[in-house]
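The values are calculated or read from the model by the stated rules, or taken from the named source; none is laboratory data. All values derive from a computational prediction rather than experimental measurement. We place every Cβ from the backbone using ideal geometry, glycine too, and count neighbours over all the protein chains shown. What goes into the accessible areas is simple: the full protein's heavy atoms, side chains included, and nothing from ligands, DNA or RNA. Shrake-Rupley method; radii C 1.70, N 1.55, O 1.52, S 1.80 Å.
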Amino acid sequence: MTTTALALAVAWPPEADGGVRPVMVEADASGGDLAIRFHLPMEPSLLDVAAAAGKPHPGSLLGAACELPCGVRAVAAVPGRGPCREAVRLLATPAGRRVLLGDDRDRGTVLLDAGRLGEDVEPLLGAADHLVVVARGGAEPLTHVASYGLDADVFAGRLTLAVVGPCPYPAEEIADALGVPQVLFLPWDAKNVAAMNSPKHGGRRTAGFRLPPLQTAARRLARRLTVPQDSGTRATAADGNRGAGGGGTGLDGRSRDRSGLARVAEAEESGS
């Protein structure tokens, strides 16, 4: 869910990476939404990042990033499944992951908006430090999550389920039924969603006495992802601001905070 990725990037705690803002990468094999939503140029894009993977000196990921009106740094994908699917495939290779990670001088977190779960993005998800699966709160979308067969052992300490909108089931029940130890609820905050997705500036607000509900919940999720915690500890919505999500090891084994973000089938309606 692209909107959830934006909310997470907006709410990312500045202390997590020494004040370095995260970079959101629209690594959706089905094609991107950001370029159309925010009236962005088609170059640079995800395709440029993928093309750099084959170069001896690929340069910084920031070379393909743009500043969105909501204050998020993002690498947008072009519309269309064909080119984006190939770009995601290249990014899933060791050379592509090297581009995403950068070198020893680079700091910060990369948030991957990986679109729908599927074989195209599995290599990226397997290598990410954290996987956040986003789904609506009804029986059908939650059943779809179970059908993906996410192995709790493979993703031990890295998997969080973010349930968007009204849900008749408590977090503990969802966690037990799906075998996902970390469950968190995100409100469907239409006003804040519209502000973040507006092509006009001013949609970012993370300080003040009353944060919008979505940003409050996104900040809680971001803190779970950035605060190390024993991977065997269960964290549900009732845990408040307690950290969860496991270690901070980069794709190459170095100590670094990197997070993968994925959207499940039917996670959000049009405008995601």
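Quick check on segment 107-114. Is at least one of its residues more than 20 Å from VAL75 (Cα to Cα) and open to solvent by less than 60 Å² (accessible area, probe 1.4 Å)? Outline the logic, then answer.
Step one: filter segment 107-114 for residues more than 20 Å from VAL75 (Cα to Cα), giving none.
Looking through segment 107-114, none of the residues is more than 20 Å from VAL75 (Cα to Cα) and open to solvent by less than 60 Å² (accessible area, probe 1.4 Å).
Can you find a residue that is at pLDDT below 90 and under 22 Å from ARG223 (Cβ atoms) anywhere in segment 101-123? Break it down into steps so the answer makes sense when it comes.
Residues of segment 101-123 at pLDDT below 90: 101-108, 115-123.
Among the residues that remain, those that are also under 22 Å from ARG223 (Cβ atoms) are: 107-108.
Yes, that holds for at least one residue.
Only residues that are open to solvent by 20 Å² or more (accessible area, probe 1.4 Å) and of a type in the set (A, V, I, L, M) were counted across segment 2-60, and they come to 7.
Assessment of segment 47-56 against the conditions (in contact with a Gly (Cβ under 7 Å, 6 or more places away or on another chain) and either in a loop (DSSP other than H, G, I, E, B) or among the hydroxyl-bearing types (Ser, Thr, Tyr) (or both)) yields at least one matching residue. The set of residues in segment 70-84 that are surrounded by fewer than 18 Cβ atoms within 10 Å (Cβ to Cβ) and either touching a His at 6+ places or on another chain (Cβ under 6 Å) or part of a loop (DSSP other than H, G, I, E, B) (or both) comprises GLY71, PRO79, GLY80. With respect to the conditions (1) more than 28 Å from PRO212 (Cβ to Cβ); (2) crowded, with 20+ Cβ neighbours inside 10 Å, ALA156 lacks only one, and its number is (2). Listed residues LEU225, LEU211, LEU184, LEU161; which is of a type in the set (A, V, I, L, M) and modelled with pLDDT under 85? The unique qualifying residue is LEU211.
Which condition number in (1) open to solvent by 30 Å² or more (accessible area, probe 1.4 Å); (2) modelled with pLDDT under 85 is the one that ALA127 fails? ALA127 satisfies all of (1) open to solvent by 30 Å² or more (accessible area, probe 1.4 Å); (2) modelled with pLDDT under 85 except (1). Restricting attention to segment 133-153 and to residues that are within 22 Å of ALA218 (Cα to Cα) and touching an Asp or Glu at 6+ places or on another chain (Cβ under 7 Å), the residue that is surrounded by the most Cβ atoms within 10 Å (Cβ to Cβ) turns out to be ARG136.
Scan segment 90-141 for residues that are in a helix (DSSP H, G or I) and among the hydroxyl-bearing types (Ser, Thr, Tyr) and the total you get is 0.
Kindly indicate whether GLY31 is in a loop (DSSP other than H, G, I, E, B) and touching a residue at least 40 places away in the same chain (Cβ under 8 Å). Break it down into steps so the answer makes sense when it comes.
Working: in a loop (DSSP other than H, G, I, E, B): yes; touching a residue at least 40 places away in the same chain (Cβ under 8 Å): yes.
Here the answer is yes, as GLY31 does meet what is asked.
Exactly one residue out of VAL180, VAL145 is touching a Leu at 6+ places or on another chain (Cβ under 9 Å), farther than 30 Å from ALA64 by Cα, in a helix (DSSP H, G or I) and not small (Gly, Ala, Ser): that is VAL145.
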